[in-house]
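Heads up, the thing below is written out as structure tokens.
The values are calculated or read from the model by the stated rules, or taken from the named source; none is laboratory data. Quantities reported herein were computed from a predicted structural model and do not represent experimental measurements. Every residue, glycine as well, gets a Cβ built from its backbone with ideal geometry; the counts of neighbours run over all protein chains shown.
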Amino acid sequence: MPKRKSIRRFASDKVQGEDSWVLVAMLTVEEMRESRKVVSAQGFDAFELGVDLLKKHCREWNWVWDDGSPMPQPKESPDVIEKLTDLEVDFLGNCIRGSEEEAKN
């Protein structure tokens, strides 16, 4: 039976070390259209749009801080996105856009 894969799991070894992972929700066509409208509007800020998408689409992970303590779950504490490094944010953006090669089904 078919099963929609709108939430996917990605290995995040590149940014969080061995055995780390993240669950992200894929973008819908409606969300992509809305993003395009925002992009065409004056005063558009691509960075803020990206942060908003990360806060909305990152669901769960087993990520840790530099001291090894667990980060809060992004679905419960979306502002944790504000504390990520540029490499972590870039990685998550690629996941949300649906990078098939990094998916772990």
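I want to confirm something. Restricting to the range 76-105 and keeping residues that are at pLDDT 95 or above and farther than 17 Å from VAL15 by Cα, which single residue is surrounded by the most Cβ atoms within 10 Å (Cβ to Cβ)? Here the answer is PRO78.
Condition first: farther than 14 Å from LEU54 by Cα and either exposed (fewer than 11 other Cβ atoms within 10 Å of the Cβ) or not polar (S, T, N, Q) (or both). Now tell me which residues in the range 9-27 satisfy that. Matches in the range 9-27: ARG9, PHE10, ALA11, ASP13, LYS14, VAL15, GLY17, GLU18, ASP19, TRP21.
Here GLY68 passes the criteria (1) surrounded by 12 or more Cβ atoms within 10 Å (Cβ to Cβ); (2) farther than 13 Å from SER12 by Cα; (3) modelled with pLDDT of 95 or more except the one numbered (1). Which of the residues belonging to the range 7-32 are among the basic types (Lys, Arg) and assigned to a helix (DSSP H, G or I)? Scanning the range 7-32 gives a single hit, LYS14.
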